[in-house]
1. How large is ³J(HN,Hα) for each residue in the stretch 128-142, as worked out from phi by the Karplus curve 6.51 cos²θ - 1.76 cosθ + 1.60 (θ = phi - 60°), to whole Hz, x for Gly and Pro?
2. What ranking do Tyr72, Tyr109 get, fewest neighbouring Cβ atoms within 10 angstrom at the top?
3. Roughly how compact is the stretch 186-277, stated as its Cα Rg over 2.2 N^0.38 Å to two decimals?
4. Would you calculate, for the chain, the mean residue ellipticity at 222 nm contributed by helices, counting each DSSP H stretch of 4 or more residues as -39,500 (n - 2.57) and dividing by all residues, to the nearest 500?
5. Considering Cα pairs under 8 angstrom that are at least six residues apart, work out the relative contact order of the chain and quote it in whole percent.
6. Out of Asp237, Asp303, Asp145, any idea which swings most in a Gaussian network model of the chain, alpha carbons joined below 10 Å?
7. Two decimals is fine: what is log10 I(q)/I(0) at q = 0.11, 0.20 Å⁻¹ for the stretch 7-149, from a Debye sum with one equal scatterer on every Cα and no solvent?
8. For the stretch 75-85, take each phi angle, set θ = phi - 60°, evaluate the Karplus expression 6.51 cos²θ - 1.76 cosθ + 1.60, and give the result in whole Hz per residue in order, putting x for glycine and proline.
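Every read-out reported here was derived from the displayed coordinates using simple, explicitly stated rules and does not represent laboratory data. Values in this document were obtained by computation on a predicted structure and should not be read as measured data. All Cβ positions, even for glycine, are placed from backbone atoms using ideal geometry, and neighbour counts span all protein chains on display.
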Amino acid sequence: MPVEKDPNRQHENPLGTDGIPFIEFSAVDTGPIATLLEKCGFAHIANHRHHSVQLWRQGEMDVLLNDDPKTYGVNFAKLHGPCISAISFRIADEDQSCAAAAANGIVYYEGDRGVLTVGAPAMDGIGHSLLYLMTRETETRIKSDEFIPLEGDTLPEVPGAGFRLIDHLTHNVRAGNMERWAAFYRDAFNFREVFYLDTKGQSTGLRTRAMKSPCNRICIPVNEPTDEKSQIQEYIDQYKGEGVQHLAFLSDDLNDSVERISENGIPLMEIPDSYYDQIEGRMPGHGQDVARLRSNGILIDGDRDDNGDWTILLQLFSKNLIGPIFFEFIERRGNEGFGNNNAKALFEAIERDQIKRGVVQAS
């Protein structure tokens, strides 16, 4: 069943959500994550004035890389391993947003487990990672006052490998918690449900409920396992708790972006060759270069619009890169879905890897 929602609030944006200012990675040793970000097209552009925190950028995406032992992020990483220790929402009014979140059972972080990385209010988020809430003015102040550019006086633009936005980020939660987190984003920020999936492979299963902000710039699919050997449960066991499973980076030319990161050695999920033999039968007249998709391991999905033309979604996934965390790479040509027809192919590819590693038994 979908999360219940008041239809009168469907398109309202009461807190003025407007995208994701930054994502924070934390680790005792951030060297491997820095290498990974560079291979994905990010560039190190600034350092924090007071903490051992780097600012990396590509397109409109900013990433903080934190190895400062005084901070909450590194203390969080000591429990979970290298991780995504914080996400952030850009909002219109910090006080109103914090009050709305608090009214839905989420509390301010009080500083008892290390200092905050940046000067903005933070809430207790998924798996006790942090959720920063900041206005555009606060974001500008943080980046101008708290960070020192490596070159010049301003923070540069970085085209990188052609990825420009965080399309979505997922939460993996324990069985029974999917509804709780979907309802939190609905009630506190007026997110709406845009996708639901309940799927099974040979031996395991998962459920997903994707929630999207009223500004359409923040999307969070929430995954829960349906059995103890599910890939979602494996993440929770390895990560020692709930958390962010993957980030999806949006490109306007996915083939070109993927060819760049493949040259840099990013390990990508292997897709069965038979998948590409079935594309034309599944999507006749789609107009895409299947040979290039096959060469790059890119999945394709789509729907016909009101004129009968295909809207196209292209996507592919890395293997696990930071503990159990991986990246997705995506291009949208008028399609706002999540690859419904690809989800089973991806799920089965991950399950084959689990079988190969002995995590689950083939049925």
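1. Each residue of the stretch 128-142 in turn: 6, 6, 9, 10, 7, 10, 8, 6, 4, 5, 5, 4, 4, 4, 4 Hz.
2. Exposure proxy ranking, most exposed first: Tyr109, Tyr72.
3. The value comes to 1.33.
4. Calculated mean residue ellipticity at 222 nm is -8000 deg cm²/dmol.
5. With pairs under 8 Å counted, the relative contact order is 17 percent.
6. Ranking Asp237, Asp303, Asp145 by mean-square fluctuation puts Asp145 first.
7. -0.40, -1.25
8. 4, 5, 5, 5, 8, 10, x, x, 7, 8, 8
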